[in-house]
Amino acid sequence: MKLPYIKLKLFTQMVIHISIVICATSILAALFFTKIMDDLSAQYLGHEAMSVAKMAARDARIIRAFTNEKPAKEIQPITEKMRKLTGASYIVIGNKQGIRYSHPNPKYIGKYMGTSNEPVFKQHISIVYFGEGISGPAIKAKTPIVDTKGNIIGVSSVGFLMVDVKKRILTYKEEIIGLASLLLLIGISAAFFIARRIKRKMLGLEPEEISYVFKEKEAILESIRDGIIAVDKDFRVLSMNKRSRELLKENQPLNNSMIQNTRLRDLVQYVMESKTGKTNEKVLIGDQVYVIDFSIVTQRDDIAGVVLTIRTEFEIEQLFDEVTKIKSYSENIRALNHEFLNKLNTIYGLLSIGEYDQARKLISSEVEERQSTIVFLMTAVKDPFLVACLLGKINRSKELKVDLKIDQESCLAEIPDSIDTKLLVTILGNIIDNAMEAAKEKHIAGAIVTVSFTDIGRDLIFDIQDNGPGIPEEKQNAIFIEGYTTKPGKNRGIGLSIVTNSLEQLNGQVYITNSYLGGSKFTLVIPKS
């Protein structure tokens, strides 16, 4: 019959396993110490028997009693008192003929001793041995009794009966077993508290649950599209997801699971010492620039390590481009909506006061202006994205009270398919926005921006001019560096760096000169092939 499988919880398993180990250890220790006790008891009692035998052999009263007519009468009380004081089972004093002068049992006095005294009398030595006597098996010691002239006159024999020895050893064993039982009880109690503490440290999870959570976290990390690397305080890599391995495959900053890149180590060290994370830190690894976020990992209010979130700079630039495009479209729609609302409110006001002719005239001029602008752009520019961008900037200029003029001689009839017009929209949108802001900054009224473009020749050429304060020659290169700005507020200094990146993708160039309007002139040259 197959026994049913009982699945024990981790707490129960730990208590049982620890208890078994403690129990086995206690039993083995008890057996070991019992064996040692047996050996030590036999050895100790042999030494003790010899000490008592020599003490009796050197007792002056016993030596003098040998010269009396009845030695036993004087020796017996002395040896019995000595036996009781030392705990010996018996003390027997005999003469050279082996006749007993003392014995715990008086009926054996005057009779021959039960064991041989030959080694004592012939070899003149003291001996300790295990032997059988009239009282039973015992640990015995014999030593010669010497008179004042140095002659051997008798023998002192002391023994500890094995019955008494076993009783004494049993007492020691009981104490050992009692101590082992106490240690076992303490160990089992400690096992309970240790298991409970460990279980609490493991958040009450079972091994299967821990395994599942670990695999779940691993799956989550692997699914994240950013590279994730976890390192400890010694710069050892604890884990890294699939994306980080892909990103760093060609530019490996690790060596034997240790961070070797100096810049990375310095940043990790700084984060651990400052106990604050860092974001958007650019690090050159190999020939690739990465943008890395650093987050601290704490354990009991102490820094246990750092988690690195890694992206390539190219990915960030793509995100910037997308956000800029969305922002541009949003601004264009908002400006167009705002402009229409203003016109609608004006028309509503004219209609309300009965000025129908004026309302009709305003509608006609507005329709005519907008229609002519749309017709011109649709005729001159074949790409709908560029048309939408320029229309949006026109509406935005009206909201900012900036006069945005597009040269009527401009033409973009042929744009090769190899040119990404979305990148063109990004470039033009940022430069026109900067030009309008610069013109508005200098002129509260009378701000002017002009735009012209042509596709004649092998290049697409755009000219954007304004009547703003202009750009000093020494700053013309700095304005394209990410983060550089002369304007207050956050999230500034990004637009022109995106322009530079987009131009690089189109193999284009930008030139800055002075405008005839008094401000700056941006000339964009983008090859058709």
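The values are calculated or read from the model by the stated rules, or taken from the named source; none is laboratory data. Values in this document were obtained by computation on a predicted structure and should not be read as measured data. Reconstructed Cβ throughout: ideal geometry from the backbone, glycine too, with neighbour counts over all protein chains shown. Keep in mind that these areas ignore ligands, DNA and RNA; they rest on the heavy atoms of the full protein, side chains included. Shrake-Rupley method; radii C 1.70, N 1.55, O 1.52, S 1.80 Å.
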Largest-first ranking of Leu377, Leu161 by accessible area, probe 1.4 Å, whole protein assembly kept, is Leu161, Leu377
Long-range amide H partners of Ser239, meaning residues 5 or more apart or on another chain whose placed amide H is closer than 5 Å, are Ala230
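Over 31 Å between C-alpha atoms is what I'm after, so list which of Lys405/Lys475; Lys343/Lys475; Lys70/Lys167; Lys440/Lys475; Lys233/Lys282; Lys275/Lys422 land there.
Lys343/Lys475; Lys70/Lys167; Lys275/Lys422
At 1.4 Å probe radius, can you tell me the per residue accessible area of the range 37-100 in Å²?
54
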The correct ranking of Glu474, Glu216 by accessible area at 1.4 Å, largest first, is Glu474, Glu216
Heavy-atom accessible area of Leu264, protein chains in place, probe 1.4 angstrom, given in Å² to nearest 10, is 10
Rounded to the nearest 10 Å², the 1.4 Å probe accessible area of His103 is 10
Loop-resident GluC sites (Glu not before Pro) in the range 37-132 with no more than 13 other Cβ atoms inside 10 Å, DSSP not H/G/I/E/B, are Glu69
Distance in nm between Ser372 and Arg236 label points, each 7 Å along Cα→Cβ, equals 7.8
By accessible area (1.4 Å), largest first, Tyr90, Tyr44 order as Tyr44, Tyr90
